[in-house]
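So the structure is just underneath, and the comments pick up after that.
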Amino acid sequence: MGEKQSILTRLQQSGLVAVVRAENGEQAKRIAEACLTGGMQAIEITYTVPGAHHIMEELAKAYSPDELIIGAGTVLDPETARISLLSGAKYVVSPCLNVETVRLCNRYQVPVMTGAMTIKEIVECLEAGADIIKLFPGELFGPAMVKAVKGPLPQAQIMPTGGVTVENVREWIKAGCVAVGAGSSLTAGAKKGDYAAITETAKRFLAEIAAARSGQ
């Protein structure tokens with residue numbers, strides 16, 4: 001199994017990606033540590049954070065790829081994607097489709113998740129070569145949208161971001177999502193310095209995902 005497929009498999013097996021908007025590298029590392037303690041494997045550092053690539057570099061030094069799968073989020077163009085890869089990112093996430101970004105990721109055999117809102121956009125992402133479709137913003141649709149999409153497009157691998165909570169994550173998984181992205185519903189404790197809350201929330205998320213996958 002190649003590295004790209006290995007990362008995709010690990011992301012899907014875990015089923016949960018932490019979307020991190022940390023204020024600095026130290027906070028990002030503490031969030032990552034809390035997520036790992038809670039049993040998670042993947043976090044996504046978004047480019048809405050100043051110096052995001054420096055935070056990725058710090059995390060890449062602190063953790064091996066076997067411990068933590070670092071991703072780059074809010075990537076709008078191939079230039080940012082390339083900087084991310086050189087900074088230690090192992091996958092790239094975009095809020096919408098940029099074909100050149102997907103081409104660059106495929107060139108380096110790095111998993112890429114592209115955002116989409118409609119059936120047409122999802123098909124365009126698939127045609128461009130995206131590995132996973134990021135249904136975004138998830139709160140505008142809900143799990144019913146995933147069920148609707150999987151009818152005509154059963155081949156679409158969907159990961160919603162936005163509006164995913166511990167309370168509704170079972171519905172998302174049962175609707176056919178391969179994984180979910182969780183932002184403030186998972187990492188809110190960081191603002192108050194309560195990293196233990198992140199660990200506990202991660203555990204609850206993973207337990208709910210496991211229950212949904214086992215048919216509960």
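Descriptive notes on the structure:
- Element breakdown for the chain at a 1.4 angstrom probe: carbon and sulfur atoms account for 52% of the accessible area.
- Once the Cα-Cα distance is subtracted from the 0.36 nm per residue extended length, the residue 24 to residue 127 segment shows a gain of 33.4 nm.
- Distance in nm between pseudo-label sites at residue 54 and residue 194 (7 Å out along the Cβ direction from Cα): 3.0
- The coefficient of translational diffusion for the range 1-82, derived via Stokes-Einstein from the alpha carbon Kirkwood radius under 25 °C and 0.890 mPa s, stands at 189 µm²/s.
- Overall, the anisotropy analysis places the range 130-174 in the prolate class: the square-rooted eigenvalues a ≥ b ≥ c of its C-alpha gyration tensor yield a/c not less than 1.5, with a/b exceeding b/c.
- Pairwise inverse Cα distances across the range 147-201, averaged and inverted, put the Kirkwood hydrodynamic radius at 12.4 Å.
- Within the range 146-165, backbone nitrogen closer than 12 Å to the virtual label 7 Å beyond the Cα of residue 119 toward Cβ: 148-154
- Its Cα centre serving as origin, the chain has a Cβ charge dipole (Lys and Arg +1, Asp and Glu -1) of approximately 400 debye.
- The listed peptides 124-131, 107-114, ordered by packing as a protection proxy, come out as 107-114, 124-131 (highest mean of other Cβ atoms within 10 Å first).
- Under 13 Å from a label point set 7 Å out along the Cα-to-Cβ vector of residue 10, the amide N atoms of the range 55-82 belong to 60, 63-71.
- Å² of accessible area per residue within the chain, as computed with a 1.4 Å probe and no ligands counted: 44
- More than 26 Å apart - percent of Cα-Cα pairs taken over the chain: 28
The values are calculated or read from the model by the stated rules, or taken from the named source; none is laboratory data. This is a predicted model, so every value here is computed, not measured. Heads up, the Cβs are rebuilt from the backbone with ideal geometry, glycines too, and the neighbour counts pull from every protein chain shown. To get the accessible areas, we keep the full protein, side chains included, count just its heavy atoms, and leave off ligands, DNA and RNA. Shrake-Rupley method; radii C 1.70, N 1.55, O 1.52, S 1.80 Å.
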